[in-house]
Amino acid sequence: MFFSFINDLKAKANRSRLKEEEFEFLFEEDTSGEYVVFDTETTGLNPKKDDILSIGAVKIKDNKIITSQTFEVFIKNTGEISFKSIEIHRIRPIDLENAKSMESAIREFLHFIGSRPLIGYYLEFDVNMINKYIKPMLGVTLPNEKIEVSEIYFDKTISLIPQGNIDLRFDTILKKCGVPDMGAHNAVNDAIMTAMIYLKLTKEK
């Protein structure tokens, strides 16, 4: 109860810092019954110095992935994209020539997610990347409920492997859950695969 009280205080303090009334919907109770699974492709793994190159997301409702409602946006980047990161996400500077500005992309993403719960694989990183931009823009951080699939996988697996040596790599979780690898590594595909993992872990008791 104490922690719930503290969390309520933090949520109210976050909401009080909102700079634009247009985004008040982020703090409203979600009644859609939907979840949003999302992923970001970035220039690196340090939210303080790296930037987002693309965001991909998909909605889940009634234990089904709504593939007709995917979200994908590419974002202009003024910094250098390392060869190593290009090898991972295949996003080259030329691919971003007609991309959107960071502010425009983030605003579109916020309208897509609304106040729905967010699901992801190592979601904390992706949330931190989004917060890096919305905090100076809107004064707030993402208030949405957050659900981590690797944590669900760990909780379901720990009883089977008491010593606790559980492999939480994405590819391993994919295989263990019997989810097909969609191949091309991009934000939308990763979001869809994460959505399939989530449904596999939560539908099968």
- Restricting the range 114-164 to residues that are part of a helix (DSSP H, G or I) and β-branched (Val, Ile, Thr), which is nearest to GLU103 (Cα to Cα)? ILE134
- Task: Search the range 165-181 for residues being more than 12 Å from SER150 (Cβ to Cβ) and not in a helix (DSSP H, G or I), and hand back the single one that is most open to solvent (accessible area, probe 1.4 Å).
- Result: ASN165
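Considering only the range 141-193, how many residues are among the basic types (Lys, Arg), more than 26 Å from ARG90 (Cα to Cα) and within 18 Å of the chain's Cα centre (by Cα)? Spell out how you get there, then give the answer.
Keep residues of the range 141-193 that are among the basic types (Lys, Arg), which gives 146, 156, 169, 175-176.
In the following step, the residues that additionally are more than 26 Å from ARG90 (Cα to Cα) were identified as 146, 156, 176.
Next, from what is left, pick out any that are within 18 Å of the chain's Cα centre (by Cα): 146.
The number of residues fulfilling the criteria is 1.
Run down LYS76, LYS61, LYS49, LYS84 and say which single residue is under 17 Å from the mean Cα position of the chain (by Cα) and among the basic types (Lys, Arg).
Working: LYS76 fails: under 17 Å from the mean Cα position of the chain (by Cα); LYS49 fails: under 17 Å from the mean Cα position of the chain (by Cα); LYS84 fails: under 17 Å from the mean Cα position of the chain (by Cα).
After ruling out the rest, the residue left standing is LYS61.
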- Taking only pairs six or more apart or across chains, which ones have beta-carbon atoms under 9 Å, a first residue in the range 105-129 that is touching a residue at least 24 places away in the same chain (Cβ under 8 Å) and farther than 17 Å from VAL140 by Cβ, and a second residue that is open to solvent by 50 Å² or more (accessible area, probe 1.4 Å) and among the hydrophobic types (A, V, I, L, M, F, W, C)? ALA105/PHE74; PHE125/LEU45
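Among what's in the range 1-36 and is assigned to a loop (DSSP other than H, G, I, E, B) and of a type in the set (D, E, K, R), pick the residue that is surrounded by the fewest Cβ atoms within 10 Å (Cβ to Cβ).
Going residue by residue through the range 1-36, those that are assigned to a loop (DSSP other than H, G, I, E, B) are 1, 17-20, 28-33.
With the extra rule that they be of a type in the set (D, E, K, R), the set shrinks to 17, 19-20, 28-30.
Details: ARG17: 11, LYS19: 11, GLU20: 11, GLU28: 10, GLU29: 5, ASP30: 16.
The extreme case among them is GLU29.
Kindly establish whether GLU151 is within 28 Å of ALA11 (Cα to Cα) and touching a Pro at 6+ places or on another chain (Cβ under 8 Å).
Numbers: within 28 Å of ALA11 (Cα to Cα): yes; touching a Pro at 6+ places or on another chain (Cβ under 8 Å): no.
Criteria not met by GLU151.
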- Scan of the range 70-113 for residues that are buried (at least 17 other Cβ atoms within 10 Å of the Cβ), part of a helix (DSSP H, G or I) and not hydrophobic (A, V, I, L, M, F, W, C), ordered by number: SER85, HIS89, ARG107
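The values are calculated or read from the model by the stated rules, or taken from the named source; none is laboratory data. None of these values were measured; they are calculated from a predicted model. Glycine also receives a Cβ, built like all others from the backbone with ideal geometry; neighbour counts cover every protein chain displayed. Ligands, DNA and RNA are excluded from the accessible area calculation, which covers all protein heavy atoms including side chains. Shrake-Rupley method; radii C 1.70, N 1.55, O 1.52, S 1.80 Å.
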